[in-house]
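Here the structure is laid out as structure tokens; the discussion comes afterwards.
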Amino acid sequence: MAHTANNERTPLLGRQSAQSISSSASSLSLTSDSRSSDSSDDRSRPASARPKSVAEEEATLGPARGAKEEVAATPIGRIILVLLIGGFISNADGSLLLATHPIIASEFNALSDSSWLVTSFALATAATQPLYGKLSDIYGRKSLLLVAYTLFGLGCFLVGMGTCMWQVVLGRVISGAGASGMTTLVSILITDLVPLREVASWRSYVNVVATTGRSIGGPLGGSLADTVGWRWSFLGQVPLAGIAIILVYLTLPSTTPCLPPGPKQSKLARIDFLGAAFMTLAILCFLFPLEIGGVKVSWNHPIIFILLFSAFVFGVLLLATEAWYAKEPIFPMELLRQRDALISFLISSCQSAAQMGLMFAVPLYFQITSQASNTVAGAHLIPAVVGNAVGGILSGVIIKRTGRYKALIILATVCSSSAYLLLIIRWHGHTNWAESLYILPGGFGMGIVQSALFISLQAAIDPAHAAVAASSLYLASSIGTVAGLAGVSAVLQQGLRFGLGRRLKELGIGEGRIGKIIGHAASDVHYIDHAKPAIAKAVVQSYVEALTWTHGLSLLCSSTALIGSIFLGQHKL
């Protein structure tokens with residue numbers, strides 16, 4: 001069948017002959033047919049999301065499909081292999097920084113500000129992710145990917161050469177702006193290059209590579225910091241980014257984006273600058289208080305409420321701009337009117353928040369209950385990492401063979417919820433090796449969600465919005481990650497203070513000493529090593545109790561994702 005033949009090479013990769021042009025039209029027709037839903041689904045979907053003819057595809061789509069470009073036939077595997085380089089180094093960079101940020105900040109006598117190295121990167125990533133989708137529709141995927149690699153390499157160079165803290169933070173901001181494009185555009189390009197039914201399978205390899213990068217980044221960064229110095233952790237990434245730029249330039253097909261109907265206008269004039277500004281400000285004003293709340297300032301500080309209110313105002317202005325002013329909206333309102341798109345964003349955000357709670361709580365639990373070293377405590381996350389990789393690969397294979405994704409997403413959220421429930425019931429301070437595997441279903445569920453949810457979103461929307469939708473899905477995940485970290489941190493701190501205060505009162509300790517003990521216990525996990533036995537026991541019990549509450553928060557997030565997945569539509573692929 002034509003569809004089977006199209007698995008290896010797609011219309012985007014070869015249109016230089018009449019035969020390939022005919023094949024392209026056939027493939028586009030089959031793609032449109034395959035993306036239509038069952039008859040009941042078709043009636044529930046808006047006209048904009050229903051299958052289009054080849055002519056309509058040609059008229060509405062950007063560089064993804066229907067673009068009038070001349071590209072050389074290139075094996076898909078070779079292209080995606082090149083794209084994986086960016087996914088690897090961007091994810092390795094994130095975990096590498098987690099291992100070295102205290103060392104970096106200490107060199108500039110700014111240890112109290114070390115969190116800004118992480119925060120600045122996260123905020124820059126979240127703020128720029130939704131922009132790459134639309135800009136790649138205007139300027140082409142290849143051009144934007146080259147820009148992303150260049151920004152990332154430049155940022156790493158500035159970090160490695162920085163002579164003061166603000167220069168290093170600036171380098172992290174630039175790196176974050178590049179890393180967001182390196183991850184987002186990979187998924188968009190895979191959607192361009194292969195039939196939708198095979199996207200999850202190819203994205204599972206991206207997930208494995210990203211997981212591998214995150215796994216080795218921390219140990220590698222610590223090793224380099226101990227031997228040749230932390231600067232080479234970042235300067236060493238510059239030539240890798242340079243090699244990736246060359247390979248992308250030589251390997252990735254060049255595309256010429258289609259212009260929208262009507263009078264011709266410059267590419268610059270097509271950019272929705274006002275909408276982009278409001279979107280960026282709304283994201284920053286929402287995420288910034290989540291990053292600093294409970295760390296830099298208290299949660300009831302006026303700046304928290306001012307920023308959150310500003311996020312609401314900028315969000316309203318964004319919606320108004322996109323609905324009534326922008327000619328080519330940076331964020332099409334059609335996505336907000338598509339139920340399955342909103343549910344997909346919700347599931348992604350909730351599952352990311354739950355997963356972040358797990359990744360935050362597990363190492364801390366073993367450090368407190370068994371006095372494990374940082375290395376051993378971190379190793380307890382391996383089951384979740386393995387589950388993530390297996391879940392991603394398995395979901396890709398199943399979707400490719402069956403074309404079904406809704407049942408997988410429901411299964412994923414059930415697995416995740418069961419993991420958090422087991423942690424609540426069984427992890428109470430004496431956990432053996434078998435019970436430490438309870439986190440495996442959590443990682444397994446997240447791996448399935450990362451692959452299947454992308455397919456769910458792409459199957460439900462108008463293909464013209466594929467790139468913007470993919471960027472928005474990554475944004476939803478980033479927001480969930482930041483919100484999840486802020487949530488579990490706040491729950492842990494409040495639970496620890498409440499539980500430890502109660503237990504210390506039961507031991508007959510005075511109010512004056514209670515405050516000091518709580519302060520030491522909350523700021524130093526090794527405080528129990530030199531505290532009196534009765535106080536150390538109270539600290540451990542209070543930590544276990546507080547961590548149980550964080551698992552409860554993760555369970556709430558995952559259960560919300562489970563409810564959302566039930567209402568998700570199933571469209572034919």
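Every number here is computed from the coordinates shown, using simple stated rules; none is lab data. All of these numbers come straight from a predicted model, not from anything done at the bench. Reconstructed Cβ throughout: ideal geometry from the backbone, glycine too, with neighbour counts over all protein chains shown.
Working note: Karplus 6.51/-1.76/1.60 with θ = phi - 60° gives the range 118-123 the couplings 7, 4, 4, 5, 5, 5 Hz, where Gly and Pro are set to x.
Each 10 Å bin from 0 upward holds the following percent of the Cα-Cα pairs of the range 338-573: 8, 31, 29, 17, 10, 4, 1.
Suppose R0 equals 56 Å; then what is the FRET efficiency for H526 and A320 from their Cβ-Cβ distance, rounded to the nearest 0.05? Kindly include the intermediate steps, with their values, before the conclusion.
Details: r = 52 Å, r/R0 = 0.93.
Result of the calculation: an efficiency of 0.60.
Taking the number of Cβ atoms within 10 Å of each Cβ as an exposure proxy, the fewest-first ranking of I448, I461, I304 is I304, I461, I448.
Take the Cα of S298, step 7 Å toward its Cβ, do the same at L342, and the gap between the two points is 3.7 nm. 3J(HN,Hα) along the range 219-229, derived from phi through the Karplus expression 6.51 cos²θ - 1.76 cosθ + 1.60 where θ = phi - 60°, amounts to x, 5, x, x, 5, 5, 5, 7, 9, 9, x Hz, with x in place of Gly and Pro.
Take the Cβ-Cβ distance between A534 and D226 as r, set R0 to 41 Å, and report the resulting FRET efficiency rounded to the nearest 0.05.
About 0.60, to the nearest 0.05.
If R0 is 25 Å, the Cβ-Cβ spacing of K572 and S418 corresponds to a FRET efficiency of close to 0.25.
Modelled spin labels at R426 and I306, positioned 7 Å past Cα toward Cβ, are 4.9 nm from each other. The fewest-to-most ranking of V544, V482 by surrounding Cβ atoms within 10 Å reads V544, V482.
Straight-distance candidates among the lysines for linking to K267, with alpha-carbon spacing under 30 Å and chain neighbours fewer than 8 residues away dropped: K52, K68, K134, K142, K327.
Grab the Cα-Cα distance for T150 and E328, subtract it from 0.36 nm times how many residues apart they are, and report the gain in nm with one decimal. The partial results should precede the final answer.
Details: separation 178, 0.36 × 178 = 64.08 nm, distance 2.64 nm.
Net length gain for the segment: 61.4 nm.
With neighbour counts taken as other beta-carbon atoms within 10 Å, the residues H101, H571 rank, fewest first, as H101, H571.
What ranking, highest mean first, results for peptides 241-250, 406-415, 182-191, 363-372 when packing means the other Cβ atoms within 10 Å averaged over each residue?
Averaged packing, sorted descending, gives the order 182-191, 406-415, 363-372, 241-250.
Applied to the range 279-286, the Karplus parametrisation 6.51 cos²θ - 1.76 cosθ + 1.60 on θ = phi - 60° returns per-residue 3J(HN,Hα) values of 5, 4, 5, 5, 5, 5, 5, 7 Hz, with x for Gly and Pro.
Counting only pairs 8 or more places apart or on different chains, how many lysine pairs in the range 338-573 have C-alpha atoms closer than 26 Å?
Details: K400/K572; K406/K572; K505/K516; K505/K532; K505/K537; K516/K532; K516/K537.
Final tally of qualifying lysine pairs is 7.
Which of the three applies to the range 431-512, rounded, prolate or oblate, going by the alpha-carbon gyration tensor with a ≥ b ≥ c and a/c under 1.5 meaning rounded? Oblate, since a/c reaches 1.5 and b/c is not below a/b.
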